[in-house]
Amino acid sequence: MAFYSSISNAYDAIFPFDPAQLEFVEASFGGLVAGKRIVDAGCGTGSLAIMLARRSAKVIGFDADKDMIAIAEEKRPQALDLKFRTGDMKEELTRFDKNVVDAVLCFGNTLVHLKDEEEIEEFVHNASEVIKPGGNLLLQTVNYDRVLDKKVKKLPMIETPGLKFERNYLLSGDGHILFETKLAYRNSGEVIRNSVPLLPLRKETVEKIVQKYFSETVCFGDFKRNEWSGESFHLVIKAKKR
């Protein structure tokens, strides 16, 4: 995807590893991921996948952007049970046998890059096929109830010593949101602008789809497992396969 290729070299500075994500995944397994087979869908530059593998999980991470995967491969410690590959959200899970993984996770607002609810359901269905009974589907998006109800037009700016990353939302006429960004490098003065459509999924919609295939669906407002509300910045879902 051209959007992520253009910011791939700055991605880890913009979105550094969040330990709360690792803790959330561990908590879904009662605190230990050792020996668990986990698929990280939309793994980006692989930071979370690497940390899970460092905890002795068996991890496969895929992302649609080959430049992000190239960076993940550069970061990957060779001794870990960890594989990265370029793959499409709609198709990659169909490469697995049924009932072979303990969890599929999809974090980083990745899910809403799919074009419509049918593609969302296809992804959730494919995840249910490859997850073992009792295994987990773990999802995270921006809380689009808040974005839509409050008419949020921008997300907080991200600034580091080397760059500024602006993020704006523009409602389009087809029910999508245009995610418009401006990445400015302080030293070189280079500016990269992008726009990508996102599907603003409300909590009720995601829950309805997930509950077709999974039981014990729980929604949180963040990775620290705080209760979800209309004011939450995130929607985080943990669902168990029947």
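The values are calculated or read from the model by the stated rules, or taken from the named source; none is laboratory data. Since the structure is predicted, the reported quantities are computational estimates derived from the model, not experimental observations. Here the Cβ positions follow ideal geometry from the backbone for every residue, glycine too, while neighbour counts run over all protein chains shown.
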Next item on the list: Taking the residues in segment 92-150 that are among the acidic types (Asp, Glu) and in contact with a strand residue (DSSP E or B) (Cβ under 9 Å, 6 or more places away or on another chain) as candidates, determine which candidate is nearest to Glu26 (Cα to Cα).
Entry: Asp102
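Name the residues in segment 18-53 that are of a type in the set (Gly, Ala, Ser), assigned to a helix (DSSP H, G or I) and without any contact (Cβ under 8 Å) to a residue 60 or more places away in the chain, would you?
Scanning segment 18-53 gives Ser47, Ala49, Ala53.
Determine whether Asn187 is assigned by TED's automatic domain parsing to the domain that holds Lys132, surrounded by fewer than 18 Cβ atoms within 10 Å (Cβ to Cβ) and either closer than 17 Å to Val152 by Cα or of a type outside the set (Asp, Glu) (or both).
Criteria not met by Asn187.
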Checklist line | Pairs, first closer than 14 Å to Val206 by Cα and in contact (Cβ under 8 Å) with a residue 24 or more places away in the chain in segment 118-143, second in a strand (DSSP E or B) and of a type in the set (Phe, Trp, Tyr), C-beta under 7 Å, six or more apart | finding: Leu137/Phe214
Notebook entry, point to check: Based on what the data block shows, is Ile237 β-branched (Val, Ile, Thr), within 19 Å of Gln21 (Cα to Cα), touching a helix residue (DSSP H, G or I) at 6+ places or on another chain (Cβ under 7 Å) and at pLDDT 95 or above?
Noted result: yes
Note to self: Among (1) touching a His at 6+ places or on another chain (Cβ under 8 Å); (2) surrounded by fewer than 17 Cβ atoms within 10 Å (Cβ to Cβ), there is one condition Pro200 misses while meeting the rest; what is its number?
What the structure shows: (2)
Margin query: For segment 54-77, give me each residue that is surrounded by 24 or more Cβ atoms within 10 Å (Cβ to Cβ) and either charged (D, E, K, R) or out of contact with any helix residue (DSSP H, G or I) (no Cβ under 9 Å at 6 or more places or on another chain) (or both).
Written below: Asp63
Next item on the list: State whether the residues of segment 22-37 include one that is under 26 Å from Lys115 (Cα atoms) and crowded, with 20+ Cβ neighbours inside 10 Å.
Entry: no
Note to self: With the requirement that a residue be assigned to a loop (DSSP other than H, G, I, E, B) and buried (at least 17 other Cβ atoms within 10 Å of the Cβ), what does segment 210-219 give you?
What the structure shows: Tyr213
Check: Within segment 78-91, restricting attention to residues that are in contact with a strand residue (DSSP E or B) (Cβ under 9 Å, 6 or more places away or on another chain) and under 25 Å from Glu121 (Cα atoms), which residue is surrounded by the most Cβ atoms within 10 Å (Cβ to Cβ)?
Finding: Phe84
Check: Pick from Glu231, Glu207: which is in contact with a Cys (Cβ under 9 Å, 6 or more places away or on another chain) and either more than 23 Å from Phe123 (Cβ to Cβ) or surrounded by 13 or more Cβ atoms within 10 Å (Cβ to Cβ) (or both)?
Finding: Glu207
Next item on the list: Could you tell me which residue of segment 147-184 is surrounded by the fewest Cβ atoms within 10 Å (Cβ to Cβ), considering only residues that are touching a residue at least 40 places away in the same chain (Cβ under 8 Å) and assigned to a strand (DSSP E or B)?
Entry: Thr160
